[in-house]
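The values are calculated or read from the model by the stated rules, or taken from the named source; none is laboratory data. All of these numbers come straight from a predicted model, not from anything done at the bench. No Cβ is skipped: glycine too gets one built from the backbone with ideal geometry, and neighbour counts run over all protein chains shown.
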Amino acid sequence: MPAKPQIAIVGPGRLGGALSAALTEAGYRVSEVISRDTPSSQKRARDIARKTRSLTTTLKTTNLNSDLIWFCVPDREIARAARALIPSAEWKGKVAFHSSGALASDELKVLRRRGAAVASVHPMMTFVRGSIPSLKGVAFALEGDAKAIRLARKITRDLGGYAFSISRSSKSAYHAWGGFSSPLLVAMLATAEQVARTAGLSSTQARKIMLPIVRQTLANYIAFGPAGAFSGPIVRGDVSIVRKHVRTLRKIPRAKEVYVALARAALQYLPSRNRKELGKLLAL
């Protein structure tokens, strides 16, 4: 395996595009971007290939001359894509990654049986349409065969990230943790917008007004940890204010559920006064 192996990206989605860009910037050769045999998927593959000077192929037309095949497809499609590519290469000596946060490297077991070293290599980062995030400073969770893990650690370093090992039995909890870190955080902010609407503001106004406090809260969390960043009526033990919040939120039942759940979590994990009284109030 060369020091910087040629890499085939399977799946021209948001993750595949971000990885292709980062790998190219780090001096790796993305040899091809492999898409499904549909116009939309092929168009996305051409867009990525144009930026990385790569070839575009499909699951049916690829010859897979690359040393490393990196699957960047949805979780439910990993095993299916691996099976589809079995006839396209001699797998002995190759390495294959997938980037599911929830699933183990066994999703690629059909390739392992044919001699490939396989691993799950998941960056703890969010990928959304219209944004290509930097992978510098990003943590990659690794699990799989020793040879594949060694290569994954090197690539992670070259991308400017850092790697850590995770057991296959811990992947579901790891992925749930990631859910709290980004998508459920967005869900909480979306819920906050609904509460702002009850206070007479539009969603656009709410986002503009919330942005400074959200940014400062994250800055405080980074600088002082969760306890040092925690403020408001719960840390002060102001039972009457929390009661008013709960009564007001009866107008938005889902927001009330979110508020109560987060407030209970605050009582368990964060400093607060009048913990007993607040606990009774929130045991709704």
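Looking at region 165-180, which of its residues are surrounded by 13 or more Cβ atoms within 10 Å (Cβ to Cβ) and either at positive phi or not in a helix (DSSP H, G or I) (or both)?
Selection gives Ile166 alone.
Report whether or not Leu108 is outside the structural domain of Ala255 (by TED's automatic domain parsing), in contact with a helix residue (DSSP H, G or I) (Cβ under 7 Å, 6 or more places away or on another chain) and assigned to a helix (DSSP H, G or I). Working first, answer last.
Details: outside the structural domain of Ala255 (by TED's automatic domain parsing): yes; in contact with a helix residue (DSSP H, G or I) (Cβ under 7 Å, 6 or more places away or on another chain): yes; assigned to a helix (DSSP H, G or I): yes.
So Leu108 passes the test.
So, of the residues in region 82-105 that are outside any helix (DSSP H, G or I) and hydrophobic (A, V, I, L, M, F, W, C), which turns out to be nearest to Phe71 (Cα to Cα)?
Taking the candidates together, the pick is Phe97.
Pairs under 6 Å by beta carbon, first residue in contact (Cβ under 8 Å) with a residue 24 or more places away in the chain in region 123-141, partner among the basic types (Lys, Arg) and outside any loop (DSSP other than H, G, I, E, B), six or more apart or different chains?
Final answer for the pair search is Phe127/Arg14.
Taking the criterion of being touching a residue at least 60 places away in the same chain (Cβ under 8 Å), crowded, with 16+ Cβ neighbours inside 10 Å and within 15 Å of Ser99 (Cα to Cα), would at least one residue in region 28-37 satisfy it? Walk me through how you get there before you give the answer.
Going through region 28-37, the residues touching a residue at least 60 places away in the same chain (Cβ under 8 Å) turn out to be 28.
From the residues that got through so far, the ones that are crowded, with 16+ Cβ neighbours inside 10 Å too are 28.
Those left that are additionally within 15 Å of Ser99 (Cα to Cα): none.
Within region 28-37, not a single residue is touching a residue at least 60 places away in the same chain (Cβ under 8 Å), crowded, with 16+ Cβ neighbours inside 10 Å and within 15 Å of Ser99 (Cα to Cα).
Using the structure shown, decide if Arg114 is assigned to a loop (DSSP other than H, G, I, E, B), at pLDDT 95 or above and surrounded by fewer than 18 Cβ atoms within 10 Å (Cβ to Cβ).
yes
Scan region 192-230 for residues that are within 16 Å of Arg264 (Cα to Cα) and surrounded by 13 or more Cβ atoms within 10 Å (Cβ to Cβ) and report the count.
Going through region 192-230 one residue at a time, the tally reaches 1.
Can you tell me which of (1) more than 26 Å from the chain's Cα centre (by Cα); (2) among the hydroxyl-bearing types (Ser, Thr, Tyr); (3) under 11 Å from Val10 (Cα atoms) is the one Thr58 doesn't meet?
For Thr58, the exception is condition (1).
Return the total of residues in region 121-162 being of a type in the set (Gly, Ala, Ser), touching a strand residue (DSSP E or B) at 6+ places or on another chain (Cβ under 9 Å) and surrounded by fewer than 18 Cβ atoms within 10 Å (Cβ to Cβ).
3
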